[in-house]
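Here is the structure we will look at.
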Amino acid sequence: MRVMLRSISRTHLFCGCASLLIILGVIYIYSGYPIPSTSFCEPCDNNREPELKFVEIEGCPEKGRWTIGDLKMQTGLKYEQPSTQKGRTDVNAVTNWNAPLVWEGTFDPVVIDAIYKRLDPRLAVVVLAVGKYTRFLKGFLESAEKYFLVDFRVTYYIFTDNKQDVPKIELGTGRKITVLDVPSATRWQDVVLSRMKWATIAIDNQIRNEADYLFMMDVDSVFHSRFGAESLSPLSAVLHRGYYKTTRNYFPYERRGTSKAYIPPDEGDYYYTAAVWGGYLEEMYKLVKYCYEQSEEDAKNNIEAVWQEESHLNRYLLYNKPTKVLSPEYLWSDYDQVPADIRVVRISQLVKNYAEVRPNGGQ
């Protein structure tokens, strides 16, 4: 009898403690306090499990590995105190899914660079320079060396059909150029669409082992000001300069239901450019491959999206929200005047004679 009572008491004690822990956990959750976690959910479909992203940190007091999302920096860094009362009032600095919308004046370059330099990421920049577009390489690369993620490790992957036309550029420490052969094309639309194909193949075969972040960029552009670590996130998209002040019914989305890029008339957040976009290597791989495969599906059905890969990009980003949206500062155009809300032009597309530089005369 004594043994039985002792056994019952221990069982009741265990159950009571377990119940208490559960009750305390429920109270904690509903109290509104955040639950500590080292992981975060990236833009993806609703059925996908969140992934942890790790990077090795050397030369830091802490041992082990950190997640990319850690916002740690060294002690003793001097910077201006952030304000809760002052800031940009002429533009929106956050999306309705609570992602940053980045403009000049919404970040401190000293702070953001310090955070990411401790992570020491490897950055890949993919540009396509085929036919006469190799003439733009020198200006793109020289200006990138002055303004694009300076003092970070960067590899420029140049896809070209004219290796001999790739210029010799003096590069900073930890920066290099890798040239990859691609075939020529007879239509500029095919040039644009082929970029997704060759990028998918190159990531599979090479870039995956050499980079943590990847940017896709148009080569017919020149950097004019800082393009720094504030641009980095799991998936960063750039607002198209022509549509950032318009409503969705004016966006040049693909409206034909037979295309894989179709977006219904009553849907849409922003219109994003395909001339600059970037993010984690694996997130970019999924997006690049998606654009390539959807374009291939369209081709089987004898249809081409109205703005080629840009149309597929916009559909993807509508249902897989970017974790950071970059203002049109991150891709302007020399064709357009700069309005007051664009306080700095970081990179801009060049004026050119499309009929002369494009393989099919720009048609």
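Which percent of the accessible heavy-atom area of region 284-349 goes to carbon and sulfur, probe 1.4 angstrom? Mind dumping the intermediate values first?
Working: 1230 of 2640 Å².
Reported share for carbon and sulfur atoms: 47 percent.
Dipole size in debye (nearest 20) for region 243-329 around its Cα centre, Lys and Arg Cβ +1, Asp and Glu Cβ -1? Numbers along the way, then the final one.
Details: 11 positive and 14 negative charges, 41 e Å.
Using only the charged Cβ atoms, the result is roughly 200 debye.
With +1 assigned to the C-beta of every Lys and Arg and -1 to the C-beta of every Asp and Glu, and no other charges, what is the dipole magnitude of region 106-264 about the Cα centre in debye, to the nearest 20? Numbers along the way, then the final one.
Details: 23 positive and 18 negative charges, 98 e Å.
Result for region 106-264 is approximately 460 debye, rounded to the nearest 20.
In the neighborhood of Phe107, defined by Cβ-to-Cβ distances under 13 Å, what is the net charge if each Lys or Arg adds +1 and each Asp or Glu adds -1?
Numbers: positive: Arg88, Arg226, Lys324, Arg343, Arg346; negative: Glu80, Glu104, Asp108, Asp113, Glu230, Glu329.
Value of the local net charge: -1.
Can you list residues whose amide H is under 5 Å from Arg175's amide H, if they're 5+ apart or on another chain and H is modeled 1.01 Å from N?
HN-HN under 5 Å from Arg175: Val154.
Could you pull out the GluC sites (Glu not before Pro) across region 160-262 that fall in loop regions by DSSP (anything but H, G, I, E, B) with no more than 14 other Cβ atoms inside 10 Å?
Numbers: sites: Glu170, Glu210, Glu230, Glu254; in loops: Glu170, Glu210.
Sites meeting the loop and neighbour criteria: Glu170.
Which far-off residues, 5 or more places away or on another chain, put their amide H under 5 Å from the one on Leu180, with H placed in the peptide plane?
Correct list: Ile158, Phe159, Thr160.
Length gain on complete extension for the stretch Ser225 to Ala355, per 0.36 nm per residue less the alpha carbon to alpha carbon distance?
Numbers: separation 130, 0.36 × 130 = 46.80 nm, distance 2.94 nm.
Between Ser225 and Ala355, full extension yields 43.9 nm more.
Under the 0.36 nm per residue contour assumption, what length would be gained going from the current alpha-carbon distance of Lys245 and Ile303 to full extension? Provide the component values of the computation, followed by the final result.
Values: separation 58, 0.36 × 58 = 20.88 nm, distance 2.97 nm.
Contour length minus Cα-Cα distance gives 17.9 nm.
List the residues, sorted by chain then number, that are 5 or more residues from Ile169 or on another chain and whose placed amide H is less than 5 Å from its amide H.
none
Quick one: net charge of Arg346's neighbours, Cβ under 15 Å, K/R +1, D/E -1? Could you put the intermediate results ahead of the total?
On the way: positive: Lys146, Arg226, Arg241, Lys324, Arg343; negative: Glu104, Asp113, Glu145, Asp218, Glu230, Glu329, Asp334, Asp336, Asp341.
Neighbourhood net charge equals -4.
In whole angstrom, how far apart do the alpha carbon centroids of region 89-115 and region 161-238 sit?
Region 89-115 and region 161-238 have Cα centres separated by 25 Å.
Report, to the nearest whole %, how much of the accessible area of region 77-137 belongs to carbon and sulfur atoms, 1.4 Å probe, protein only.
On the way: 1680 of 3400 Å².
The nonpolar share, carbon plus sulfur, comes to 49 percent.
Counting Lys and Arg as +1 and Asp and Glu as -1, what is the net charge of the other residues whose Cβ lies under 13 Å from the Cβ of Asn209?
Numbers: positive: Arg122, Arg208; negative: Asp204, Glu210, Asp212, Glu282.
So the surrounding residues net to -2.
Just going by the charge dipole of region 205-363, with Lys and Arg at +1 and Asp and Glu at -1 on Cβ, which of Leu214, Tyr290, Leu232 is farthest out on the positive end?
Leu232
I need the calculated FRET efficiency for the pair Trp97 and Tyr262, taking r as the beta carbon distance and R₀ as 22 Å, to the nearest 0.05. Could you put the intermediate results ahead of the total?
On the way: r = 22 Å, r/R0 = 0.99.
Calculated value: 0.50.
For a quick protection proxy, order the peptides 157-169, 307-319 by their average other-Cβ count within 10 Å, most packed first.
307-319, 157-169
Of Lys146, Lys324, which has the most accessible area with a 1.4 Å probe, and how do the rest follow in descending order?
Working: Lys146 135, Lys324 25 Å².
The residues order as Lys146, Lys324, largest area first.
Give me the accessible area per residue for region 162-255, probe 1.4 Å, as a whole number in Å². Display every interim value, and only then the final one.
Working: 4240 Å² over 94 residues.
Computed with neighbouring chains in place, this is 45 Å² per residue.
Could I have the simple spin-label model distance between Asp70 and Leu171, label points 7 Å from Cα toward Cβ, reported in nm to one decimal?
Using points 7 Å along Cα→Cβ, the separation is 2.9 nm.
The values are calculated or read from the model by the stated rules, or taken from the named source; none is laboratory data. Since this is a predicted model, take the numbers as computed values, not measurements. Please note: Cβ atoms are built from the backbone with ideal geometry, for glycine as well, and neighbour counts cover all protein chains shown. What goes into the accessible areas is simple: the full protein's heavy atoms, side chains included, and nothing from ligands, DNA or RNA. Shrake-Rupley method; radii C 1.70, N 1.55, O 1.52, S 1.80 Å.
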